[in-house]
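Asks: Got a structure for you, questions after.
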Amino acid sequence: MGIFDDVVVNAKSAAEAVGRKAGQLVDVSKLRIGAAEVNAEITKRYEALGQYVYENCRSSLVADPEAFGKITEIDELKAQAAAIAKELNDKQNKLACPSCGKQCSNTDTFCSCCGAKLVVEEAAAEPQPEAPENHEEPPQE
Ligand SMILES: [Zn+2]
């Protein structure tokens with residue numbers, strides 16, 4: 001009966017091992033989910049911090065080239081987004097209300113939502129800030 005006992009014991013410990021393993025898998029996946037949730041929250045907080053810094057700390061970061069470079073990148077992306085939104089509005093004959101942002105027809109004079117006067121822009125009134133580039137001066141001889 002020694003062999004039979006061994007088989008029973010082995011089967012029992014194998015079952016326990018499977019149970020432990022399953023329990024560990026549950027623990028591991030719970031931990032993974034927990035880690036992913038906390039990391040997602042960290043990412044959200046970074047984003048909120050970044051937005052706060054972008055909106056409130058511009059002047060104090062002028063002297064930090066890396067930080068100010070990142071601010072400038074966002075400025076450029078915002079300008080791109082505004083240009084795309086304007087082009088989209090133009091294609092759809094729409095105009096964003098300067099007050100509430102509602103999409104109005106570009107034939108309207110006032111916003112149908114808040115009543116603000118809609119400013120119909122004349123052709124290309126946008127100022128284009130030209131950054132003076134360092135052109136290489138031709139050698140004067
Ligand atoms: Zn409006």
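Just so it is clear, none of the values below were taken in a lab; they were calculated from the coordinates. Everything numeric in this text was worked out from a predicted model, so none of it was measured. Neighbour counts are summed over all protein chains in view; Cβ atoms, including those assigned to glycine, are modelled from backbone coordinates with ideal geometry.
Asks: Once you charge only the Cβ atoms, +1 for Lys and Arg and -1 for Asp and Glu, what is the size of the charge dipole of region 10-88 about its Cα centre, to the nearest 20 debye? Walk me through the numbers on the way to the answer.
Replies: On the way: 11 positive and 12 negative charges, 126 e Å.
Value, rounded to 20: 600 debye.
Asks: If the limit is 23 Å between Cα atoms, which of 70/102; 44/78; 44/91; 94/117; 44/70 go over it?
Replies: Values: 70/102 30 Å; 44/78 20 Å; 44/91 35 Å; 94/117 14 Å; 44/70 18 Å.
With Cα atoms farther than 23 Å apart: 70/102; 44/91.
Asks: For the ranges 84-92, 102-110, 40-48, what's the packing order if you count other beta-carbon atoms within 10 Å of each residue, average per peptide, and put the highest first?
Replies: Per-residue Cβ counts within 10 Å, averaged per peptide and sorted highest first, yield 102-110, 84-92, 40-48.
Asks: Okay, next question. Give me the extension gain from residue 77 to residue 52: residue separation times 0.36 nm, minus the current Cα-Cα distance, reported in nm with one decimal.
Replies: Working: separation 25, 0.36 × 25 = 9.00 nm, distance 1.70 nm.
Stretched fully, the residue 77-residue 52 segment lengthens by 7.3 nm.
Asks: If amide hydrogens are placed 1.01 Å from N in the peptide plane, which non-local residues have theirs closer than 5 Å to the one on residue 116?
Replies: The list, which skips near neighbours in sequence, is 111.
Asks: Charges at C-beta only: +1 for Lys and Arg, -1 for Asp and Glu. How large is the resulting dipole of region 59-105 about its Cα centre, in Debye rounded to 20?
Replies: Working: 6 positive and 7 negative charges, 88 e Å.
Roughly 420 debye, rounded to the nearest 20.
Asks: Set the Förster radius R0 to 35 Å, insert the Cβ-Cβ distance between residue 12 and residue 41 as r into 1/(1 + (r/R0)^6), and round the FRET efficiency to 0.05. Walk me through the numbers before you get to the answer.
Replies: On the way: r = 43 Å, r/R0 = 1.23.
With a Förster radius of 35 Å, E is 0.20.
Asks: Moving on. Extending each Cα 7 Å along its Cβ direction at residue 90 and residue 27, get the distance between those two points in nm, one decimal.
Replies: Between residue 90 and residue 27, the simple spin-label model gives 6.3 nm.
Asks: I've got another one for you. Gap in Å between the Cα centre of region 21-66 and the Cα centre of region 82-115?
Replies: 36
Asks: Can I ask one more? Starting from the 7 Å offset along Cα-to-Cβ, what nm value, one decimal, do you get for the label separation of residue 102 and residue 66?
Replies: Each label point lies 7 Å from its Cα, and together they span 4.7 nm.
Asks: If you don't mind, there's one more thing I want to ask. Considering amide H positions built from the backbone, and no H for Pro or chain starts, which residues 5 or more places from residue 94, or on another chain, come under 5 Å of its amide H?
Replies: The list, which skips near neighbours in sequence, is 106.
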